[in-house]
There are 2 protein chains.
Amino acid sequence: MFTGLSAFPLTPTDETGVDERAYARLVARLATAGVDSIGALGSTGGYAYLSREERARAARVAVEAAEGTPVLVGIGALRTAQVLALAEDAQKAGAAAVLLAPMTYQPLTDDEVFGLYEDVTRELSVPLCVYDNPRTTHVDFSDELHGRIARLPNVAAIKIPPVPGDPAAARERVAALRALVPDTVSLGVSGDWSAATGLSAGCDVWYSVLGGLFPHAALALTRAARSGDAATAAARSERLEPLWELFRRHGGLRVMSAAAVHLGLASEPNLPRPLRGLAAEDRDRLVAVLDGLDLLSSPAAPEDGDRAARDLEGA
Amino acid sequence: MFTGLSAFPLTPTDETGVDERAYARLVARLATAGVDSIGALGSTGGYAYLSREERARAARVAVEAAEGTPVLVGIGALRTAQVLALAEDAQKAGAAAVLLAPMTYQPLTDDEVFGLYEDVTRELSVPLCVYDNPRTTHVDFSDELHGRIARLPNVAAIKIPPVPGDPAAARERVAALRALVPDTVSLGVSGDWSAATGLSAGCDVWYSVLGGLFPHAALALTRAARSGDAATAAARSERLEPLWELFRRHGGLRVMSAAAVHLGLASEPNLPRPLRGLAAEDRDRLVAVLDGLDLLSSPAAPEDGDRAARDLEGA
């Protein structure tokens, strides 16, 4: 399951809890669009802010709405005992795999990070994807640490942060990591602006924020890169640069939160406090960017989401 | 209550939960030693790793064991709704004040950090101490942000990170912040190696890791500095430099975890996973440092803890 496009939807949440109806609709759109897997409760899915019960319910909603598309469920938490409980819940919900970032409060040593994965993989009966996201965890994985963790049982994939922008440097980066992990371990790229370069550099999968709301656009980029057409993939990515710029400035989560409202796919607010949506001027900028990309050729309504995304793919 | 020495004990915790008996004993020692306040469930108290229920129980244990010494209770969590619940629990437990760090997963904007304090202070009936700890939260408070938050109702204190080592620069740092906050707001220093400089530069209180296990040593330093004897305070701090070096290298939490075991005041392990204790060679170094400071003139036993600390004060 760790190839192609893995699409990470929002989990629309306000102070009263998760909007499960909106969440199921977001997930179902992705399955209909034909993404290769769905990443439920990733960073864009706000996993770190939800209670165990909210996460267990969201995992069940996602698996049901995915109708057979494999669902990867985020199980990260600060304490190992919590991670183990979340892993159990995810497996009971029918997760095809789990995604684990080493969340931190106290900075962790390499041995502590390794120990977390050792404790968790020992208990798993589904594959695990190592989630290397220094922006949110503040853990800097060395390649040596990746190599140690990748040899643990049930480790099937690594989700790496953005690769270098230069294609040759990106190929070197992916090759260097590939040399240190078992052949069976998939490497995947995150940081959407880095996806075309990462896929063309040999990554097996794109863990995509864009794909969580605009799956057709993300699939088109993914398929071009995976078929060896690096030029088309790069051109598709280049065209999306105004959106990537907003991702880098505000975080993909806040941008997708506002975009989901604009598409009529989530109500407002849809991020748990202390997170807030984009400020008014940033929303205006986002709407201008989306309009410039022909994402929204008609007034937003729930049923327009898929059509809008297809418009982008066709553009 | 935000003056003098605020001592932050460990919350001894293993995979089965909090060792409430050991915790009560640690807290009671601090009250007996005459600290000015006790910081329950601070960073050294592992608050970020404990469940709501564990935290509510620990708060009650601490207030009871403190026998009238004011207890400040950490209420930080990633989600505002969780913080509000923890604030309620802390107040019900009898907390004299609460301590709030802006924990992060997604990096927060200044407006989001302000919004967190706005949402929480609105609901409080006890004073709040703003906990500025960039090492664990990765939030960099600007002075302007401190000034905005300090004007919110119920904000009574700010716990700042280490001040510059140079006394004149430290005085400037404290004066600059003092100028931006109401006169009623206490400023306190954390980062134990910075305590003597911070107190002598005008901080009202030392939020102390050392004081959570060696209260007499921390009180002696605090009282020298607060009485205007900067030279004695600096000399006491200088003498502890080998310990400060270990704090900076391993984090005060891991050092105090091992020291508590060495004193017979906590069993092992006493940190929740993924946190691990010091490696064997680092424990040996700690024991050598403690011995060199005459902290342990006799084999460690629970009842030796206070005597060991008094030995240090007399040294």
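What follows draws every value from the coordinates through simple rules; no lab data is involved. Keep in mind the model is a prediction, meaning the values are calculated, not measured. Note that each Cβ is placed from the backbone with ideal geometry, even for glycine, and that neighbours are counted across all protein chains shown.
Key figures for this structure:
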item	result
Qualifying residue in the range A:101-119 (condition: in contact with a Phe, Trp or Tyr (Cβ under 6 Å, 6 or more places away or on another chain) and touching a residue at least 60 places away in the same chain (Cβ under 8 Å))	no
Residue satisfying condition, being away from chain A (no Cβ under 13 Å) and aromatic (Phe, Trp, Tyr), within set B:Phe114, B:Phe141	B:Phe141
Filtered residue count, the range B:61-111, keeping only those that are buried (at least 23 other Cβ atoms within 10 Å of the Cβ), at the interface with chain A (Cβ under 8 Å from one of its Cβ atoms) and in contact with a Gly (Cβ under 8 Å, 6 or more places away or on another chain)	2
Of all residues making up the range A:119-172, the number that are closer than 30 Å to B:Arg135 by Cα, not in a loop (DSSP other than H, G, I, E, B) and not aliphatic (A, V, I, L, M)	14
Any pair with Cβ under 6 angstrom, 6 or more apart, that starts in the range B:1-28 at a residue that is among the basic types (Lys, Arg) and ends at one that is in a loop (DSSP other than H, G, I, E, B) and buried (at least 24 other Cβ atoms within 10 Å of the Cβ)	none
Index of the failed condition, A:Arg173 passing every other in (1) in contact with a Pro (Cβ under 7 Å, 6 or more places away or on another chain); (2) of a type outside the set (Gly, Ala, Ser); (3) over 25 Å from A:Gly211 (Cα atoms)	(3)
Residues of the range B:178-196 that turn out to be assigned to a loop (DSSP other than H, G, I, E, B), surrounded by 21 or more Cβ atoms within 10 Å (Cβ to Cβ) and in contact with a strand residue (DSSP E or B) (Cβ under 8 Å, 6 or more places away or on another chain), as a count	3
Residue within the range B:214-225 that is over 22 Å from B:Ala40 (Cα atoms), surrounded by fewer than 24 Cβ atoms within 10 Å (Cβ to Cβ) and small (Gly, Ala, Ser) present	yes
Strands (runs of 3 or more DSSP E) contained in the range A:35-117 and holding at least 2 residues among the small types (Gly, Ala, Ser)	A:37-40
